[in-house]
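Below is one structure, written out as structure tokens, with a few remarks after it.
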Amino acid sequence: MNRTVFATLAIALAPSGAWAVTPTPPVAAKRPHVTVTHGDSLRDDYYWLREKTSPDVLRYLEAENAYCDAVMAPTIGFQDALYKEMLARIQETDVDVPYRDGGYFYYTRTEEGKQYPIFCRKKGSLNAREEVTLDVNAMAAGHEYFGVDAYEVSDDGNLLAFSTDTTGFRQYDLSVKDLRTGAILPDRAERVTTVAWGADNRTLFYAQEDPVTQRWHRVYRYVLGSNTHELLFDETDEQYDTWVTRTRSGAYVVIATGSSTTSEAWVIRADRPLDAMASIAPRREGHEYYLDHAGERFLIRTNDRGRNFRLVSSPVAQPGEKNWKEVVAHRDDVMLEDVDAFAGHTVLVEREQGVPYLRVIDAASGKAHRVEFPEPVYVVEPSDNHEFETTALRFVYESMVTPESVFDYDVKTRERTLLKQRPVLGGYDPGRYRCERVYAQAADGTRIPISLVYRGHERPRNRPLLLLGYGSYGYASEPYFQSNRLSLLDRGVVYGIAHIRGGGEMGKRWHDGGR
């Protein structure tokens with residue numbers, strides 16, 4: 001647990017009068033950094049903290065930690081009790097639900113007392129022998145920090161492209177492992193952000209960040225063993241980030257770039273990975289579009305007719321805008337957040353009145369149905385859906401009361417199967433808690449949705465409330481389940497999330513309202 005968690009809980013829960021003396025916080029001693037933009041002077045008193053290895057920065061951070069320790073000293077015993085209480089709810093030895101990709105079932109598992117996950121797979125059946133692809137605990141030996149980001153297996157299942165960070169600053173280096181022998185190949189790349197394989201099992205596409213600005217700015221093509229990293233795309237506009245992915249169908253590698261308001265994409269046939277990039281639609285300021293592939297068409301989510309996006313299709317041979325055919329129209333009250341294409345159906349992730357849901361469209365008939373959920377406030381999103389030819393949709397559902405739950409949903413029969421619900425140890429009973437959506441009126445009359453959770457069955461009055469509010473970048477502040485939060489709820493505290501403007505809960509206009 002970090003200092004922020006304990007500070008929040010201890011301040012919220014500790015008895016009044018626990019702090020007899022308040023230490024004086026440290027003061028930044030460096031001169032402020034002043035920049036002038038459009039005639040306005042902007043003062044930054046903490047600009048010098050960018051120099052992470054500076055002795056002054058280290059001294060300042062140590063002083064801040066000492067200040068926090070001094071302020072929190074009266075709660076040391078309580079912090080220890082909270083830590084043990086929270087840890088007791090976590091099942092440290094656990095296994096994620098395996099997902100199928102090609103001829104293997106992939107999963108991660110954790111072991112009690114070990115800090116990092118273990119990546120595994122089994123060939124053909126869950127009863128087969130386990131093969132450990134990455135034991136992050138062993139890899140982390142000798143490092144203060146170790147993180148794994150990219151994890152992409154070649155089509156034949158023999159090679160694993162993965163990226164690791166030992167700095168803690170999300171600076172990932174790419175490596176390739178031969179899963180047949182366990183050997184790490186000499187092929188490497190630095191500061192890699194996203195990775196995709198070509199269908200030939202030897203061509204890699206990867207995006208790289210700028211070492212100074214950390215902007216994702218370039219895409220390279222690399223053939224294993226060639227020692228030649230071919231620059232495919234260099235995004236020179238500093239407002240844009242660039243990434244690479246592969247469609248679920250496996251047919252195309254997608255190279256994309258985007259700012260907060262504009263995007264552009266190109267494709268390369270995965271079975272012809274040395275071909276030139278083919279444009280989908282030229283960049284046009286204010287136009288965002290994102291694509292997936294199914295059969296003879298691309299499915300494109302575009303905001304060309306409205307800020308909340310619509311869905312169109314285009315033939316793969318002529319994907320330009322003049323050939324776009326509408327599949328789902330733009331709606332002012334529904335945000336089309338994502339599109340997942342499968343061989344026989346398409347899954348839309350939509351959001352209405354701040355609440356997400358899934359809609360399934362049958363590819364043959366065009367008929368659609370909505371997947372319903374029981375609670376008024378929840379989170380749902382597609383999960384590990386790596387197979388293109390399938391009628392099963394895997395999704396993750398949770399709420400502020402219901403722990404993370406993994407389901408398989410049959411899009412034909414509409415039956416759902418609970419595969420796993422993350423365990424909460426210590427006798428957790430969701431029936432003791434309630435979550436709901438309420439509204440608060442802002443100064444301009446706008447109704448702001450608030451997700452609440454509390455212990456009991458009736459909305460409490462005159463209880464302490466811990467309210468979270470964040471609205472930026474169009475991201476939604478989702479009402480996820482957190483077992484640590486039970487330490488608040490069981491002591492009579494109400495927890496709330498205010499879905500303020502600037503976030504994405506109510507569509508693009510909600511985001512714009514916060515800007």
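The values are calculated or read from the model by the stated rules, or taken from the named source; none is laboratory data. Please read all numbers here as calculations on a predicted model, not as lab measurements. When we count neighbours, we look across all protein chains shown, and the Cβ atoms used for this are built from the backbone with ideal geometry, even at glycine. Keep in mind that these areas ignore ligands, DNA and RNA; they rest on the heavy atoms of the full protein, side chains included. Shrake-Rupley method; radii C 1.70, N 1.55, O 1.52, S 1.80 Å.
Note on region 90-169: Kirkwood radius taken over Cα pairs, Stokes-Einstein applied at 10 °C and 1.306 mPa s, translational D equal to 117 µm² s⁻¹. A Cα-only calculation for region 388-493 places Rg and Dmax at 17.2, 54 Å. The per residue volume of the convex hull around the alpha-carbon atoms of region 237-296 is 90 Å³.
For the pairs 122/412; 412/508; 52/84; 325/367; 177/420; 52/177, note any where the Cα-Cα span goes beyond 26 Å. Beyond 26 Å between Cα atoms: 122/412; 412/508; 52/84; 177/420; 52/177. Under a model in which nothing but the beta-carbon of Lys, Arg (+1) and Asp, Glu (-1) is charged, region 204-326 shows a dipole of about 520 debye around its Cα centre. The H on the amide N of residue 476, modeled in the peptide plane, is under 5 Å from the matching H of 504, each at least 5 residues off or on a different chain.
Placing unit charges on the Cβ atoms of the charged side chains and taking the dipole of region 389-479 about its Cα centre, the candidate lying farthest along the positive direction among 409, 426, 396 is 426.
Surface composition of region 73-219: carbon and sulfur atoms hold 48% of the protein heavy-atom accessible area at a 1.4 Å probe. With a Förster radius of 35 Å applied to the beta-carbon distance between residue 87 and residue 50, the computed FRET efficiency rounds to 0.50.
Ignoring ligands, DNA and RNA, what accessible area per residue does the chain give at 1.4 Å, in Å²? Please report the intermediate quantities before stating the final value.
Values: 26700 Å² over 515 residues.
Dividing the accessible area of the chain by its residue count gives 52 Å².
Give the value in nm², to one decimal: projected area of the alpha carbon convex hull of region 33-97, averaged over all directions.
On the way: hull surface 38.9 nm².
One quarter of the hull surface, i.e. the mean projection, equals 9.7 nm².
With Kirkwood's inverse mean 1/r over C-alpha pairs for Rh, give me the Rg to Rh ratio of region 270-314, two decimals please.
Details: Rg = 12.4 Å, Rh = 12.0 Å.
Using Cα coordinates only, the ratio equals 1.03.
Quick one: order 271, 96 from most to least accessible surface, probe 1.4 Å. All intermediate terms of the calculation are to be shown ahead of the outcome.
Numbers: 271 95, 96 60 Å².
My answer, sorted largest first, is 271, 96.
Note that the chain shows a convex hull volume over its alpha carbon atoms of 198 Å³ per residue.
Taking a temperature of 37 °C and a viscosity of 0.692 mPa s, what whole-number D in µm²/s does Stokes-Einstein yield for region 376-438 with Rh from Kirkwood over alpha carbon pairs?
On the way: Rh = 13.2 Å.
Stokes-Einstein gives a translational diffusion coefficient of 249 µm²/s.
Charges at C-beta only: +1 for Lys and Arg, -1 for Asp and Glu. How large is the resulting dipole of the chain about its Cα centre, in Debye rounded to 20? Don't skip to the end; give the middle numbers.
Working: 63 positive and 75 negative charges, 229 e Å.
Charge dipole of the chain: 1100 debye, to the nearest 20.
Could you calculate the FRET efficiency of residue 440 with residue 184 from 1/(1 + (r/R0)^6), where r is the beta carbon distance between them and R0 is 60 Å, rounded to 0.05? About 0.65, to the nearest 0.05. Between the listed residues 70, 282, 502, the Cα displaced farthest toward the positive end of the dipole of the chain, a dipole computed from Cβ unit charges relative to the Cα centre, is found at 502.
Write down the percent of antiparallel bridges among all DSSP beta bridges whose residues are both part of the chain, to the nearest 5.
Working: 129 of 135 bridges.
The antiparallel fraction comes to roughly 95 percent.
Every helix of 4 or more DSSP H residues in the chain counts as -39500 (n - 2.57), and over all residues that averages to -3000 deg cm²/dmol at 222 nm. Normalised by 2.2 N^0.38 Å, with N the number of residues, the alpha-carbon radius of gyration of region 104-224 equals 1.10.
Scalar couplings 3J(HN,Hα) for region 389-398, obtained by applying the Karplus form with A = 6.51, B = -1.76, C = 1.60 to θ = phi - 60°, are 8, 7, 9, 9, 10, 9, 9, 10, 10, 6 Hz; x denotes Gly and Pro. In region 160-266, a dipole from Cβ-located charges (positive for Lys and Arg, negative for Asp and Glu) runs towards its positive end, and of 243, 162, 257 it is 162 whose Cα lies farthest in that direction.
Are there any GluC sites (Glu not before Pro) in region 276-353 that are in a DSSP loop and have at most 16 other Cβ atoms within 10 Å? List them by number. Working shown, then result.
Working: sites: 285, 288, 296, 321, 326, 337, 350, 352; in loops: 285, 288, 296.
Listed in order of number, the matching sites are 285, 296.
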